[in-house]
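Down below is the structure, laid out as structure tokens.
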Amino acid sequence: MIHVNALGDPCPIPVVKTKQAIKELNGEGQVEILVDNEIAVQNLTKMAVQKGYGIRSEKLEEHKFRVLMAVGAESSSSAPQEECDSCTTCIPDGRRNTVVVISTSKMGEGNDELGATLMKGFLYALTQQEELPSTILFYNGGAFLTCEGSKSLEDLKALEAQGVEILTCGTCLNFYGISETLAVGGVTNMYDITEKMMKAGLVIKP
């Protein structure tokens, strides 16, 4: 059994750590994960259901949960598998030419600080996907994410190193006066942005 301590880790790190532990099992075994919130338990459960792993969880104390995930032959004998109920998150294999478009430095509406944290988490989560997008387009407020001072630069550079095309709107860089601070990827224009979105098999906008 592999033990994973994800106490205090923000989303999506508990899932990422668990996936790394599963790889170390070489196809069969159990992973025990400790997390400090129910959302992390739900995320781990969803991942297990999608992958066909056995899963069970328990609350040990306030802000401490134990999740046991069973992989391979262990899944049928050591941990009961929960059934997927109207799951809509499964993505067909072989999807290609996915384009992600980011028009703001924050994700969602409401609290700006929370929105910035969510966007950082989204970009980090992209680096952990088995199938990466072909292109990420940044425009308007999203342009700040590819420039010096962005907390997501490390993740964006990691994506670029794996072949993901990172492009930022030149008009937007000029408008905000940050053209000289571009730190990852290249500069593009609205025609190219439109063309890439039109030809994409899937466009994702967080």
Quiz prompt | Option label - Cα Rg over 2.2 N^0.38 Å computed here, alternatives [x] 1.07; [y] 1.16; [z] 0.96 | solution = [y]
Quiz item: With each label point set 7 Å from Cα along the Cα-Cβ vector, what nm distance links Met1 and Ala183?
Solution: 4.2 nm
Self-check item: the chain: relative contact order as a whole-number percent, Cα under 8 Å and 6+ apart
Solution: 16 percent
Quiz item: Under a 1.4 Å probe, what is the accessible area of the range 121-206 per residue, stated in Å²?
Solution: 53 Å²
Quiz item: Taking a quarter of the surface of the Cα convex hull of the range 106-196, what do you get in nm²?
Solution: 5.9 nm²
Practice problem: Compute the length gained on full extension between Glu154 and Glu62: take 0.36 nm times their separation in residues and subtract their Cα-Cα distance, giving the result in nm to one decimal. | Solution: 29.7 nm
Quiz prompt | Cβ crowding within 10 Å averaged over residues, with 144-151, 185-192, 65-72 ranked highest first | solution = 65-72, 144-151, 185-192
Quiz item: So for the pair Glu195, Lys46, with labels modelled 7 Å out along Cα→Cβ, what separation do we get in nm?
Solution: 3.6 nm
Exercise. Please report, as a whole percent, how much of the solvent-accessible surface of the chain comes from carbon and sulfur atoms (probe radius 1.4 Å).
Key: 49 percent
Quiz item: Which value in deg cm²/dmol, rounded to the nearest 500, describes the helix-derived mean residue ellipticity at 222 nm for the chain, given -39,500 (n - 2.57) per DSSP H run of n ≥ 4 and division by the residue count?
Solution: -10500 deg cm²/dmol
Quiz prompt | the range 162-206: relative contact order in percent, alpha carbon pairs under 8 Å with at least 6 residues between | solution = 39 percent
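The values are calculated or read from the model by the stated rules, or taken from the named source; none is laboratory data. All values reported here derive from a predicted model rather than from experimental measurement. FYI the Cβ positions are ideal-geometry reconstructions off the backbone, even for glycines, and counts take in every protein chain you see. For the accessible areas, the whole protein counts, side chains as well, though only heavy atoms, and no ligand, DNA or RNA atoms are used. Shrake-Rupley method; radii C 1.70, N 1.55, O 1.52, S 1.80 Å.
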